[in-house]
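What follows is one structure encoded as structure tokens, with my remarks underneath.
The values are calculated or read from the model by the stated rules, or taken from the named source; none is laboratory data. What you are looking at is a predicted structure, and each value in this text was computed from that prediction instead of being measured. Glycine gets a Cβ as well: all are built from the backbone with ideal geometry, and neighbour counts include every protein chain shown.
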């Protein structure tokens, strides 16, 4: 009996691992187990606007973005708040986030916003007004067709319908309820178009640099972007990667790679370390010749510049030593029926420009007591691309090109600034057409490009037309 008890105890002890730590014996032939891995691919989130004519600038804080899976799970795309000024994105979008997303089917998204600053044109006085809108605000979007994330990088483009999102009462008070639409597509290899997963003309400050690599920090949208360079990267204004340094202001074109990284195809230096850039639409021009411009601020780059300056104003002092230039990258200015010029003699209200300085942007001095104001003494002023929305008339095709007249609403901010309601648009062979297959008389379109003041006649050379 005692022997039977001892045998039973021995068997029980063996079943429990010998009374040790509970691990399997070293002689076990059981193969080790590994946790299953989830395949992921990069998804780029972009944000743009479908404009409202009275709005001059809208600076929103995007607090969070999430994609919703068909099985009810959610994937966080953005968790740290990022500012975005929307009105300079008419006819285009800008990158907000890129995240490696688990493969699967996604049916919609949620975007949460914090506070917003809105600048609009008062129709009674013709003067800009600035209003603050409190957050939080939330918008839910259901995709018209599911977003399928597989082996190919994907892009989700969100448009905020500003007509439906922003309300302005008779007293000029502003309310906001973001109304978003979205469409998605596969990223296109080596494309610099934002809608196709690329980066184009993004202006920021160089952070760290390394061998064939640097980071770009921007005031709004996607920031801290790691970029790789290669032998085919084109440099303008700098001798190459070795000529770049922290604090330098540059613009970048790059394409998204399958692993979620970017390769830079073009890097243009705008200002050395210690300088500043403020970009926006000219609200007023003072002096003959001009000695001062006031910009409705859409973008900026400087070590001391805050995102709270967006949708504020920048006073730009100009003088005899200030140079003027046209940012003609990817804009076909050849063989036009007028001479495209931009200088101190023809700079005008309504044009979008970037003012660059060797010194810092000085906070304070907002127009009419507005918040977020600043002052800059310009070393150079560059004509930049902008968007206009209006109705097409006089459409005249000529081979792969065309011209037409774009008529904007009489109460629009653009009409109030310029005193004009019509702009002649030049559609070039390289102009990107999106939306409807053809531009036609009577259609409402967004035209984006460079706006010139040709002896009082306004002419826009279009890089994009969206209908």
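For segment 312-344, enumerate the residues that are outside any loop (DSSP other than H, G, I, E, B) and more than 17 Å from residue 454 (Cα to Cα).
313, 314, 315, 316, 317, 323
Inspect segment 153-160 for any residue being assigned by TED's automatic domain parsing to the domain that holds residue 96, over 14 Å from residue 86 (Cβ atoms) and touching a helix residue (DSSP H, G or I) at 6+ places or on another chain (Cβ under 7 Å) and give the result as yes or no. Before the answer, list the steps.
So in segment 153-160, the residues assigned by TED's automatic domain parsing to the domain that holds residue 96 come out as 153-160.
Filter once more, keeping what is over 14 Å from residue 86 (Cβ atoms): 153-156.
After this cut, where a residue has to be touching a helix residue (DSSP H, G or I) at 6+ places or on another chain (Cβ under 7 Å) as well, the list is 155.
The answer is yes; a qualifying residue exists.
I'd like to know if segment 216-229 contains one or more residues that are within 22 Å of the chain's Cα centre (by Cα), in contact (Cβ under 8 Å) with a residue 40 or more places away in the chain, surrounded by 22 or more Cβ atoms within 10 Å (Cβ to Cβ) and part of a strand (DSSP E or B).
Taking every residue of segment 216-229 in turn, none turns out to be within 22 Å of the chain's Cα centre (by Cα), in contact (Cβ under 8 Å) with a residue 40 or more places away in the chain, surrounded by 22 or more Cβ atoms within 10 Å (Cβ to Cβ) and part of a strand (DSSP E or B).
Take the residues of segment 293-311 that are assigned to a strand (DSSP E or B) and touching a helix residue (DSSP H, G or I) at 6+ places or on another chain (Cβ under 9 Å): which is surrounded by the fewest Cβ atoms within 10 Å (Cβ to Cβ)?
294
Any idea which of 139, 177 is surrounded by fewer than 14 Cβ atoms within 10 Å (Cβ to Cβ), without any contact (Cβ under 8 Å) to a residue 60 or more places away in the chain and over 22 Å from residue 385 (Cα atoms)? Give the derivation first.
Details: 139 fails: surrounded by fewer than 14 Cβ atoms within 10 Å (Cβ to Cβ).
Just one listed residue meets the conditions, 177.
Looking at segment 105-119 only, could you name the residues that are under 16 Å from residue 57 (Cα atoms) and buried (at least 23 other Cβ atoms within 10 Å of the Cβ)?
Listed by number, the residues that qualify are 116, 117, 118, 119.
How about segment 102-128: which of its residues are in contact (Cβ under 8 Å) with a residue 60 or more places away in the chain and more than 24 Å from the chain's Cα centre (by Cα)?
The answer is 102, 103, 123, 126, 127.
Within segment 378-399, can one find any residue that is modelled with pLDDT under 95 and in contact with a helix residue (DSSP H, G or I) (Cβ under 7 Å, 6 or more places away or on another chain)?
No, segment 378-399 contains no residue that is modelled with pLDDT under 95 and in contact with a helix residue (DSSP H, G or I) (Cβ under 7 Å, 6 or more places away or on another chain).
Suppose we filter 208, 172, 221 for residues that are farther than 26 Å from residue 350 by Cα and out of contact with any helix residue (DSSP H, G or I) (no Cβ under 8 Å at 6 or more places or on another chain); which single one remains?
Numbers: 172 fails: farther than 26 Å from residue 350 by Cα; 221 fails: farther than 26 Å from residue 350 by Cα.
On inspection, the qualifying residue turns out to be 208.
Are any residues in segment 376-406 assigned to a loop (DSSP other than H, G, I, E, B), outside the structural domain of residue 456 (by TED's automatic domain parsing) and surrounded by fewer than 21 Cβ atoms within 10 Å (Cβ to Cβ), and if so, which ones?
379
Is there a residue in segment 273-289 that is assigned to a loop (DSSP other than H, G, I, E, B), touching a residue at least 60 places away in the same chain (Cβ under 8 Å) and under 30 Å from residue 150 (Cα atoms)?
no
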